[in-house]
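The values are calculated or read from the model by the stated rules, or taken from the named source; none is laboratory data. As the structure is a computational prediction, the values presented were derived from the model and not from experiment. Counting neighbours? That spans all protein chains shown, and the Cβs are built from the backbone with ideal geometry, glycine included. Each accessible area value is taken on the protein alone, full model and side chains, heavy atoms only, with ligands, DNA and RNA left out. Shrake-Rupley method; radii C 1.70, N 1.55, O 1.52, S 1.80 Å.
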Amino acid sequence: MTNDSALVLFSGGQDSATCLAWALERFAQVETIGFDYGQRHVVELEVRQDFLGWIGAHAAWGARLGADHVLKLDALGAISETSLTRDVAIQMETGGLPNTFVPGRNLLFVTFAAALAFRRGLRHIVTGVCETDYSGYPDCRDDTLKALQVALNLGMDRRFVVHTPLMWRDKAATWRLAEELGGAALVEAVRARTHSCYLGDRTPRDWGAGCGHCPACELRARGWHEYAGTDA
Ligand code: ZN
């Protein structure tokens, strides 16, 4: 573990929850940031408080967990034409991107996180973006995040390090990482206390909670069954 401090982009989903545990294993002080941009699955913002409460009570990690910050990004909702913030069905668009795509969303999230990290004196920025499951989101690519790190360090005259521990892991490997970090207790906390479903559905499933048929639920269920060695 280092004496450094980190800011984790924590949405309340499986990936960012696992990243939070990853950061708490590595850094002496860890703060979190979430974004409220009028997403339909606002339940994610409620679930994230539940997970933060769980990890704040963790014997080893609780003492390293610092402030949580929630930024309202209404402008993002205003410019998006997607099914996350409008009442339309999720579907694939021509060009291969799902209509859940908010252009450049992760660029904005990481940039706002860096501005907050600057203010708070935090050096490391951790995000759960993943090229393996990225559904064609170009702002989740490894090259995008590396370029953004260079741009942020030039533009803010800092030496931020942007960490993407899940970049080359699929969802099953992300469950295995949670097990390595925190054993069965962390796996169960991530399973029960995080949210992925695009529709904000909290119907209990063996892999967590959700509608069971949106792209996020399908991805999560597939990863869980692969990890657990069970059939869908
Ligand atoms: Zn769903």
When the residues of the stretch 185-215 are narrowed to those that are assigned to a helix (DSSP H, G or I) and free of Cβ contacts under 8 Å to residues at least 24 places away in the same chain, which ends up farthest from A21 (Cα to Cα)? A192
Please go through the stretch 67-86 and pick out each residue that is buried (at least 16 other Cβ atoms within 10 Å of the Cβ) and either closer than 17 Å to L9 by Cβ or at pLDDT 95 or above (or both). H69, L73, L76, L84
Tell me which residues, restricted to the stretch 103-146, are closer than 22 Å to L24 by Cα, β-branched (V, I, T) and not in a helix (DSSP H, G or I). I125, V126, T127, V129
With respect to the numbered conditions (1) in a loop (DSSP other than H, G, I, E, B); (2) within 14 Å of the ligand (Cβ to nearest atom); (3) under 16 Å from the mean Cα position of the chain (by Cα), which one is the sole condition not fulfilled by W168? (2)
Which of the residues that make up the stretch 30-58 are among the aliphatic types (A, V, I, L, M) and over 24 Å from H163 (Cβ atoms)? V42, V43, A57
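Listed here are the residues, each with its yes/no results for (1) at pLDDT below 95; (2) surrounded by fewer than 19 Cβ atoms within 10 Å (Cβ to Cβ); (3) within 14 Å of the ligand (Cβ to nearest atom).
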site: V126; (1), (2), (3): no, no, no
site: D139; (1), (2), (3): yes, no, no
site: L148; (1), (2), (3): no, no, no
site: A151; (1), (2), (3): no, yes, no
site: M156; (1), (2), (3): no, yes, no
site: T164; (1), (2), (3): no, no, no
site: A184; (1), (2), (3): no, yes, no
site: Y227; (1), (2), (3): no, no, no
Selected residue (criterion: most open to solvent (accessible area, probe 1.4 Å)) from residues of the stretch 195-225 that are closer than 23 Å to Y137 by Cβ and more than 13 Å from the ligand (Cβ to nearest atom): W224
